[in-house]
Amino acid sequence: MTFKEFNLKSELNKAVEVAGFTQPSPVQEEAIPAVLSGRDIVAQAQTGTGKTAAFGLPVLNMMKCTGNVEMVVVVPTRELAIQVSDELFKFGKFLNIKTATVYGGTSYSRQIKHIQNAGIIVATPGRFLDLLSKNQISIDPDYVVLDEADEMMDMGFLDDIKEIFKYLKNRKQTLMFSATMPAPIKKLAQKILKDPHFITVTKSEMTNAKITQSFYVVEEYERDDALIRLFDFKNPSKAIVFCKMKRDVDRLSTYLVSQGYSAKGLHGDMEQRQREEVIKAFKSDTLEVLVATDVAARGLDVKGVSHVFNYQLPFDSESYVHRIGRTGRGGEEGMAVSIVTPAEFRSLHKIQKDVGSNIESKIVPNKSAIKDKAVIDLKNSIKEIEIDEKIYDFIDTLKEDFELSTITYKLATLLLKQTKINGKDNIGKTKKDIEFLLKRAKEGKGGGGNSRGRNRSRNRNGDRNRSGGDRNRSRNRSGGDRNRSRDRGGRY
């Protein structure tokens, strides 16, 4: 089946083609026709199965583009709000449908202004309920989507969700997506949905079985040293390094060049011509390392990528799946390596839970391990290399001054000396440290000893206070692919 068989508007088919989608995923294949038929739906599907397109494409197809808010998507975290907003913007850009992203920690007035010009709102429950309850916005959407409903329940947002729906009484269609279906979610579905159509996508291996996945735990300041050390140890033939923000891409690509690597960056703020040149160089093997934001995770099909490095973990499991899927293509084996800080352990644990495959913890190799690996690599190279006839004369010349065994030792030593090992001897956490952090993550506690982030006291910004992990990070407006102020492009 192809997306064209859904008979979507030509503008949406164009957006799907630009996004690099060809065949719908199982949840898309089932959900899109059901949504287009006008029915409420409850879809049980894991993160990483393409849920945003499953509800986004059919609703965008049905929107009348009146200039008012017609669609509201409620998500558990600001990171997911930004991710979903980006996806919906990409799908709706040829329809000139604007999106507003609403979450705590940012200006009320700016968000309210953006809502006044938007057709879609993607919001976290706390800030959205705050705006509704204080009559700071007046909206009457036709379509309401709850994404990752079970995650919102886990974070204590169930009461907020129930309250939000009191303000959205005239909706035509309500769609609920959840990875699991605990009793409270089923009860909520019965209350807010009308005769819903249930869709269940069986969890399967979301990642290629030929991709070996591992992670290394370091402190924030050790990321660069860890990446270089892992390059030295793994010796990738062609690698993609993923960063969260475009400013990290620019800095890291420059740093890798200074360390002797053939590297270039790729992100959404680059001109199309520049992006095409970088991708062409990477495909033609004139570029050794591609440093990229998630803009490169979708639709980038390059053969021979031996390694994917997550310099930072992505915001969600779906992005993780797309990232590591750039290696292990065409039946080849691949390696996915993640550099993780203790603060990211909750995110790591969630990714591993969603993906359903083993991500093995490893220790960043020390200098001794690099030297041992260099010896093994040299031995393998000697086995495979064919002898150049000109070498016979060269060896005969050397034999005038040295014994043959001495020549062998000296040449091997010379070759091994070419392996330069920079940085300190030991980088990152020990095996014992990692075991402790893993245990705390499984118990629902932050890697650094903070609470899991279920503090239900409201902060002044209207969202729940998330004290643990990545969700308390303030976002720099000027950096990254997710700049909210792209008025000229029709997105907020």
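None of 50, 56 is touching a Leu at 6+ places or on another chain (Cβ under 6 Å) and closer than 24 Å to residue 319 by Cα except 56. Which of the residues belonging to segment 280-303 are within 23 Å of residue 315 (Cβ to Cβ), in a helix (DSSP H, G or I) and either without any contact (Cβ under 8 Å) to a residue 40 or more places away in the chain or not hydrophobic (A, V, I, L, M, F, W, C) (or both)? If the condition is that a residue be within 23 Å of residue 315 (Cβ to Cβ), in a helix (DSSP H, G or I) and either without any contact (Cβ under 8 Å) to a residue 40 or more places away in the chain or not hydrophobic (A, V, I, L, M, F, W, C) (or both), then 294 is the only one that fits. Tell me yes or no: at least one residue of segment 108-118 is within 24 Å of the chain's Cα centre (by Cα) and not small (Gly, Ala, Ser). No, that holds for no residue. Which members of segment 182-201 meet the condition of being crowded, with 17+ Cβ neighbours inside 10 Å and either β-branched (Val, Ile, Thr) or modelled with pLDDT under 85 (or both)? Passing the criteria: 185, 192, 199, 201. Within segment 9-40, the set of residues being in a loop (DSSP other than H, G, I, E, B) and of a type in the set (D, E, K, R) comprises 9, 39, 40. If the condition is being buried (at least 18 other Cβ atoms within 10 Å of the Cβ), part of a helix (DSSP H, G or I) and of a type in the set (Ser, Thr, Tyr), then segment 79-135 contributes only 85.
Determine whether segment 255-269 contains at least one residue that is part of a helix (DSSP H, G or I), under 24 Å from residue 86 (Cα atoms) and without any contact (Cβ under 8 Å) to a residue 40 or more places away in the chain.
no
A residue that is part of a loop (DSSP other than H, G, I, E, B), of a type outside the set (D, E, K, R) and surrounded by fewer than 12 Cβ atoms within 10 Å (Cβ to Cβ) occurs somewhere in segment 373-391. Before we move on, is residue 360 of a type in the set (Asp, Glu), surrounded by fewer than 20 Cβ atoms within 10 Å (Cβ to Cβ) and modelled with pLDDT of 85 or more? Taking the combined requirement at face value, the residue satisfies it.
The values are calculated or read from the model by the stated rules, or taken from the named source; none is laboratory data. Just so you know, these numbers come straight off a predicted model, no measurement behind them. So basically every Cβ, Gly included, is an ideal-geometry build from the backbone, and we count neighbours across all protein chains shown.
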